[in-house]
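The values are calculated or read from the model by the stated rules, or taken from the named source; none is laboratory data. Bear in mind that the values here come from a model prediction, so they are computed numbers and not experimental data. Quick reminder, even Gly has a Cβ in these numbers, built from the backbone with ideal geometry, and neighbours come from all protein chains shown. Heavy atoms of the whole protein, side chains included, go into the accessibility calculation; ligands, DNA and RNA do not. Shrake-Rupley method; radii C 1.70, N 1.55, O 1.52, S 1.80 Å.
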Amino acid sequence: MSSLFPALTDDGPGGRTALRFGGRSLTYGELGAAAGALAERIRASAHGPARVAVWATPALETAVAVVGALLAGVPAVPLNPKSGEKELRHILSDSAPALVLAAPGDELPAPLRELDRADVDVHGTGSVPEDRSAEDDPALIVYTSGTTGPPKGAVLPRRAVATTLDALADAWRWTGDDVLVHGLPLFHVHGLVLGVLGPLRRGGSLRHLGRFSTEGVARELADGATMLFGVPTMYHRIAEALPGDPELAAALGRARLLVSGSAALPVHDHERITAATGRRVIERYGMTETLMNTSVRADGEPRAGTVGVPLPGVELRLVEEDGSPVESRDGETVGEIQVRGPNLFTEYLNRPDATAAAFTADGFFRTGDMAVRDPDGYVRIVGRKATDLIKSGGYKIGAGEIENALLEHPAVREAAVTGEPDADLGERIVAWVVPADPASPPGLEELAGHVAGRLAPHKRPRVVHHLSALPRNDMGKIMKRALTHG
Ligand code: MCA
Ligand code: AMP
């Protein structure tokens, strides 16, 4: 297929900044040289790796590592650098990378020390190899939580990455003149595919904040950045800060495009941001498995509470429980969103059962998201089919994996996990625990630390309730509704 990043070899933007992380930056010429050198090294690696893991810290090295792997034609598996051992071991045994790419000096945890390691040299001096990959070749394997069990690896082909970024360019009028700012993590689709590969495919620039802060956003937007990407938690924090921060309001007022995604942005936050800045945040809707499906267009009506219209090339339908299509666009009839198009993943790695279950006979992916359509085609997401999926801070978290981790704690006899509304995080994780010894029940700090250390900090419970027994139905199944509704 044609190159994913034409700007790396076009003479045009050679001297233009491609990436800036804090005080360190690379022009397109420097990025091509560094990623080209790494690609050569990956290809020449003793094991001829089928996949490479990337220690995905929010740093320049991560961007170079992923571009290097893509240039080498070897799929990259981005790893959350805060992953606990249990999660890490699962991902490594499932994806079997032969090599891990990391920044020089980064200390890697035990499971990764068993792999060959290549330090990423951001000043490498190679050349960009010819792209000999096919469009169906895997580009990335991104791990995403399901309702039960450990996360599954979504295999994202090169075609999906190219298609979704080009569709967003069309919807957002995103060009090489845009300078994007964000502080998203680089081990998920939002921060990595949209937030790093997006600007690079356009020949534009990314300024990454290292970690999100309203000060960083204000500074970069005041200094020439044109677009901001964030999860709703970040926009909520912006909305909270605006009344006392006229510089932030002025900076946001200057932006060409403010985009929110990964979870629903509450109408109240939309309204507060618009009132203080005169600008509207637009929402787009996607999933790890599908990349982006819909968006409010840059020239469309930015209606708060909707995720806009299907992107070019995406077929989207709403279906009833029995699979029959919801035809009416009355803004009221709810159906599950199903999508088909070149933006979709190919499979869950090593999980043919889960892959088969995710698709309908005619090739639509079942998203599990429930929505209505307005008369003009705008999609409005109203909920989720599975109650056992929690979106907290924009991260998707499965209740089952947290329950399993809690059950591994010696002071826990039984555990159930639910999500409850949280103004900052959207939803917060709540653990309902039957202690092994009622006289000394495990506290929040203990259980949060346990889950954070085994899985990841964002998966830790924020609230713990102690019960003498979990409510169960006649079949022995935990009745979560009885937990949350008292
Ligand atoms: C606290 N911390 C702990 C513990 N307690 N660490 C270990 N053990 C504990 N018991 C630490 C945390 O690690 C963190 O460390 C700090 O305390 C604060 O963490 P926290 O309160 O969890 O939140 P936050 O750091 O304020 O994070 C809010 C956030 C974050 C920045 C909005 O949730 C975030 O980055 N979300 C983005 C999620 C995302 O990208 N989703 C996209 C999925 P430290 O201070 O060192 O960091 S892709 C997707 O959904 C689709 C495709 C789509 O449509 O986009
Ligand atoms: P993930 O698996 O982490 O990629 O999360 C995908 C899920 O995030 C989708 O299935 C939706 O439930 C949710 N999501 C993403 N963007 C939006 C949005 N703009 N509004 C509401 N939900 C969203």
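Residue under question is GLU427, and the condition is that it be under 22 Å from GLY149 (Cβ atoms), in a strand (DSSP E or B) and open to solvent by 30 Å² or more (accessible area, probe 1.4 Å); does it hold?
It is true that GLU427 is under 22 Å from GLY149 (Cβ atoms), in a strand (DSSP E or B) and open to solvent by 30 Å² or more (accessible area, probe 1.4 Å).
Run down LEU194, LEU206 and say which single residue is assigned to a helix (DSSP H, G or I), more than 18 Å from PRO138 (Cβ to Cβ) and either in contact (Cβ under 8 Å) with a residue 60 or more places away in the chain or acidic (Asp, Glu) (or both).
On inspection, the qualifying residue turns out to be LEU194.
Please go through segment 298-322 and give me each residue that is within 16 Å of ligand 2 (Cβ to nearest atom), assigned to a strand (DSSP E or B) and either more than 17 Å from SER262 (Cα to Cα) or of a type in the set (Gly, Ala, Ser) (or both), ordered by number.
Matches in segment 298-322: LEU316, ARG317, LEU318, VAL319.
Looking for whichever is touching a Phe, Trp or Tyr at 6+ places or on another chain (Cβ under 8 Å), free of Cβ contacts under 8 Å to residues at least 60 places away in the same chain and within 22 Å of ALA160 (Cβ to Cβ) here; the options are PHE359, PHE365. Which one fits?
PHE359
Could you tell me whether segment 414-431 includes any residue that is over 28 Å from the mean Cα position of the chain (by Cα) and more than 16 Å from ligand 2 (Cβ to nearest atom)?
yes
Are there any helices (runs of 4 or more DSSP H) wholly within segment 58-144 with 3 or more residues that are more than 19 Å from the chain's Cα centre (by Cα) and crowded, with 22+ Cβ neighbours inside 10 Å, and if so which?
60-72
Tell me the residue from LEU252, LEU258 that is on the phi < 0 side of the Ramachandran plot, hydrophobic (A, V, I, L, M, F, W, C) and in a strand (DSSP E or B), please.
Exactly one residue qualifies, and that residue is LEU258.
List the pairs whose first member sits in segment 436-450 and is touching a residue at least 40 places away in the same chain (Cβ under 8 Å), whose second member is open to solvent by less than 60 Å² (accessible area, probe 1.4 Å) and within 16 Å of ligand 2 (Cβ to nearest atom), and whose Cβ atoms are under 7 Å apart, counting only residues at least 6 apart or on separate chains?
Close Cβ pairs satisfying both conditions: none exist.
Which one of ILE337, ILE282 is more than 13 Å from ARG380 (Cβ to Cβ), in contact (Cβ under 8 Å) with a residue 12 or more places away in the chain, within 16 Å of ligand 1 (Cβ to nearest atom) and aliphatic (A, V, I, L, M)?
Numbers: ILE337 fails: more than 13 Å from ARG380 (Cβ to Cβ).
Answer to the check: ILE282.
Collect the residues in segment 343-363 that are part of a loop (DSSP other than H, G, I, E, B), open to solvent by 50 Å² or more (accessible area, probe 1.4 Å) and within 19 Å of ILE141 (Cα to Cα), keeping them in residue-number order.
Those that are part of a loop (DSSP other than H, G, I, E, B), open to solvent by 50 Å² or more (accessible area, probe 1.4 Å) and within 19 Å of ILE141 (Cα to Cα): THR346, ASN350, ARG351.
Just wondering, is there one or more residues in segment 207-217 that are open to solvent by less than 30 Å² (accessible area, probe 1.4 Å), out of contact with any helix residue (DSSP H, G or I) (no Cβ under 8 Å at 6 or more places or on another chain) and within 15 Å of ligand 2 (Cβ to nearest atom)?
no
Residues checked against (1) more than 14 Å from ligand 2 (Cβ to nearest atom); (2) more than 27 Å from ALA96 (Cβ to Cβ); (3) of a type in the set (Ser, Thr, Tyr):
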position	(1), (2), (3)
THR147	no, no, yes
PRO151	no, no, no
LEU165	yes, yes, no
GLY183	yes, yes, no
VAL196	yes, no, no
SER205	yes, yes, yes
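Report yes if some residue within segment 308-315 is surrounded by fewer than 18 Cβ atoms within 10 Å (Cβ to Cβ), out of contact with any helix residue (DSSP H, G or I) (no Cβ under 9 Å at 6 or more places or on another chain) and closer than 30 Å to LEU483 by Cβ; otherwise report no.
no
Taking the residues in segment 355-397 that are out of contact with any Asp or Glu (no Cβ under 9 Å at 6 or more places or on another chain) and among the small types (Gly, Ala, Ser) as candidates, determine which candidate is nearest to ALA423 (Cα to Cα).
Here the answer is GLY394.
If I ask for residues that are of a type in the set (D, E, K, R) and either within 16 Å of ligand 2 (Cβ to nearest atom) or modelled with pLDDT under 95 (or both), which ones from segment 87-112 would you list?
The one that is of a type in the set (D, E, K, R) and either within 16 Å of ligand 2 (Cβ to nearest atom) or modelled with pLDDT under 95 (or both): GLU87.
Before we move on, is GLU289 among the acidic types (Asp, Glu), within 16 Å of ligand 1 (Cβ to nearest atom) and within 25 Å of ILE397 (Cβ to Cβ)?
Judged against the criteria, GLU289 is a match.
Quick one: count up the residues across segment 220-254 that are more than 16 Å from ligand 2 (Cβ to nearest atom), of a type outside the set (A, V, I, L, M) and open to solvent by less than 50 Å² (accessible area, probe 1.4 Å).
Adding up the residues that qualify gives 5.
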